[in-house]
Amino acid sequence: EAMPLWAVIDREAEELWSGASGSSVAWSPDGERIAVDVAYPEPLIQVVDAASGEVLWETEGTQPDW
């Protein structure tokens, strides 16, 4: 099963970063982090910094929600 690739762009349509994979993306209420459902090789949720794309932490689970 293929995983979608996604990117973050600014308001001027300039790419800030790209290449992350996963689905069910959920932005944090403050807009600083993004939680994404990564199904392979095991189901987990990655939380990434919205500005840099750096993975901040991972936890078991699916369907990210703040």
Comparing Ala39, Ala13, Ala50, which has the greatest mean-square fluctuation in the GNM of the chain with Cα pairs linked when under 10 Å apart?
-> Ala13
Mean separation of Cα contacts under 8 Å (at least 6 apart) over the residue count of the chain, i.e. the relative contact order in percent, is 25 percent
The stretch 12-60: GluC sites (Glu not before Pro) in DSSP coil with no more than 12 other Cβ atoms inside 10 Å | Glu12, Glu14, Glu32, Glu54
Phi to ³J(HN,Hα) by Karplus 6.51 cos²θ - 1.76 cosθ + 1.60 over the stretch 53-59, Hz, x for Gly, Pro = x, 5, 6, 8, 6, 10, 8
What would the Debye formula give as log10 I(q)/I(0) at q = 0.15, 0.17, 0.18 Å⁻¹ for the alpha-carbon point model of the chain, no solvent?
-> -0.43, -0.55, -0.62
For the chain, give the magnitude of the charge dipole about the Cα centre (Cβ charges: +1 Lys/Arg, -1 Asp/Glu; no others), in debye to the nearest 20.
-> 80 debye
Quick one: with all protein chains in place, what share of the accessible area of the stretch 10-66 is carbon or sulfur, to the nearest percent (1.4 Å probe)?
-> 46 percent
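The values are calculated or read from the model by the stated rules, or taken from the named source; none is laboratory data. Keep in mind the model is a prediction, meaning the values are calculated, not measured. Quick reminder, even Gly has a Cβ in these numbers, built from the backbone with ideal geometry, and neighbours come from all protein chains shown. Ligands, DNA and RNA are excluded from the accessible area calculation, which covers all protein heavy atoms including side chains. Shrake-Rupley method; radii C 1.70, N 1.55, O 1.52, S 1.80 Å.
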